[in-house]
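Below is one structure; the comments refer to it alone.
What follows draws every value from the coordinates through simple rules; no lab data is involved. This one's a predicted model, so the numbers in the text were calculated from it and none came from an experiment. FYI the Cβ positions are ideal-geometry reconstructions off the backbone, even for glycines, and counts take in every protein chain you see.
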Amino acid sequence: MKNNSPHILNTSANLMGLCFIVLTSLKVNKLSDASIIDELTAVATLFFITSCILSFLSMRSSRQSNTFERLADLIFLGGLLIIFVTITLITLNIIR
């Protein structure tokens with residue numbers, strides 16, 4: 001398997017920061033009670049932090065690096081799917 005762990009770590013950390021900005025702006029503007037956007041964003045944040053940890057472990061581990069990298073990749077994809085669903089729901093005015 002290719003060594004994608006540094007790329008997964010970098011991108012997951014950036015997207016996790018973006019999710020934190022969204023969560024903070026929802027809390028500051030008191031919009032978190034009116035929608036499920038904050039819950040979906042919080043779940044995506046958890047996926048990205050888990051992906052960061054697993055990709056870091058993949059870079060540091062010698063024996064289980066492929067397993068950690070594969071898990072980090074799948075969890076990262078899950079986080080992307082959650083963001084995709086959230087943006088789609090917002091775009092189609094299903095959630096506000």
Share of pairwise Cα separations in the chain, more than 20 Å, in percent: 40
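Please give the length that would be gained between THR91 and ASN4 if that part of the chain were fully extended, namely 0.36 nm times their separation in residues minus their C-alpha to C-alpha distance (nm, one decimal). Intermediate results must be reported in sequence, preceding the final value.
Values: separation 87, 0.36 × 87 = 31.32 nm, distance 3.14 nm.
28.2 nm is the gain from fully extending THR91 to ASN4.
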Highest-fluctuation residue, SER58, SER25, SER12 considered, GNM on the chain with Cα pairs under 10 Å: SER25
Spacing of the two label points (7 Å from each Cα toward its C-beta) at GLU39 and ILE53, in nm: 2.3
Using θ = phi - 60° and Karplus 6.51 cos²θ - 1.76 cosθ + 1.60, couplings along segment 60-70 (whole Hz; Gly, Pro as x): 8, 8, 9, 8, 10, 5, 5, 5, 4, 5, 4
Highest-fluctuation residue, ILE53, ILE83, ILE21 considered, GNM on the chain with Cα pairs under 10 Å: ILE21
Sorted by Cβ neighbour density within 10 Å, fewest at the top, the residues SER61, SER5: SER61, SER5
Among ALA44, ALA72, ALA13: highest mean-square fluctuation, GNM of the chain, C-alpha pairs under 10 Å: ALA13
Extension gain, LEU77 back to LEU31 (0.36 nm per residue minus Cα-Cα distance, nm): 13.9 nm
Calculated [θ] (222 nm, deg cm²/dmol) that DSSP helices of n ≥ 4 give over the chain, each run adding -39,500 (n - 2.57): -27500 deg cm²/dmol
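Return MET59, MET16 ranked ascending by Cβ neighbour count within 10 Å, so the fewest neighbours appear first.
In increasing order of surrounding Cβ atoms, one gets MET59, MET16.
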